[in-house]
Amino acid sequence: MAIRLLRTVGDPILRKQAMEVKRFDATLERLLDDMAESMYYYEGVGLAAPQIGISKQIVVIDADESGLLELVNPEIVASEGEELDIEGCLSVPKTYGEVKRASKVKVVAQDRFGERIEIEAEGLLARALQHEIDHLHGILYIDKAERILPPEDEIDEEMEE
Ligand code: CO
């Protein structure tokens, strides 16, 4: 396993539509392992493949008691409610903003072996799923933020993805 270099805002790969994964092989498994290791190393609650320079539809998330989630070709198939909360992103260092997200989502994806998985989430996990899936479509939270917080603002709940 290896820590991969983090891409930050201004890098054009963060703005590209990521490619669908079609091959579930050893390369994918290695990539997923590296993504999880990198996410923990950088202390994020989620990481999308474009953030380490790979334009493929893959995300890893560890946001709550569900532990590590590996999602390949994830898609939001249903969403409900609305919630405004503070968000950050490993690719947008030292910045936080208030972003409105659905409060509940249902996501369909594939696991590392290509098997279909379904996740229903709310709270932090729902927010992380929406944030990471946005990355796969070239969208950053700063595009959606209602307000970018001034650096002197006190932040109780920091969250970086
Ligand atoms: Co992010």
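The values are calculated or read from the model by the stated rules, or taken from the named source; none is laboratory data. Keep in mind the model is a prediction, meaning the values are calculated, not measured. FYI the Cβ positions are ideal-geometry reconstructions off the backbone, even for glycines, and counts take in every protein chain you see.
Among the conditions (1) assigned to a strand (DSSP E or B); (2) more than 22 Å from I148 (Cβ to Cβ), R112 misses just one, which is (1).
For the stretch 82-92, the criterion of being touching a Ser or Thr at 6+ places or on another chain (Cβ under 6 Å) and more than 15 Å from Q130 (Cβ to Cβ) is met by at least one residue.
Check the stretch 52-70 and report whether any residue there is touching a helix residue (DSSP H, G or I) at 6+ places or on another chain (Cβ under 7 Å), at positive phi and at pLDDT 95 or above. Taking every residue of the stretch 52-70 in turn, at least one turns out to be touching a helix residue (DSSP H, G or I) at 6+ places or on another chain (Cβ under 7 Å), at positive phi and at pLDDT 95 or above. Of the strands (runs of 3 or more DSSP E) lying entirely inside the stretch 1-94, those carrying at least 1 residues that are more than 16 Å from the ligand (Cβ to nearest atom) and of a type in the set (S, T, Y) are 69-80. Here I142 meets the list (1) under 19 Å from I13 (Cα atoms); (2) of a type in the set (A, V, I, L, M); (3) more than 16 Å from the ligand (Cβ to nearest atom) almost entirely, failing just condition (3). Just so you know, in the stretch 118-138 the residues that are in a loop (DSSP other than H, G, I, E, B) and not small (G, A, S) include one that is nearest to G53 (Cα to Cα), and it is L136.
Regarding E98, is this residue touching a residue at least 12 places away in the same chain (Cβ under 8 Å) and either outside any loop (DSSP other than H, G, I, E, B) or surrounded by fewer than 15 Cβ atoms within 10 Å (Cβ to Cβ) (or both)? When the stated conditions are applied, E98 passes them. With respect to R116, is the statement that it is among the basic types (K, R), out of contact with any helix residue (DSSP H, G or I) (no Cβ under 7 Å at 6 or more places or on another chain), more than 16 Å from the ligand (Cβ to nearest atom) and without any contact (Cβ under 8 Å) to a residue 24 or more places away in the chain true? So R116 passes the test.
Contact map, the stretch 129-151: residues that are more than 22 Å from V107 (Cα to Cα) paired with residues that are away from the ligand (no atom under 12 Å from the Cβ) and of a type in the set (V, I, T), Cβ distance under 9 Å, separation 6+ or inter-chain. Pairs shown: I142/I148; L149/I86; L149/I155.
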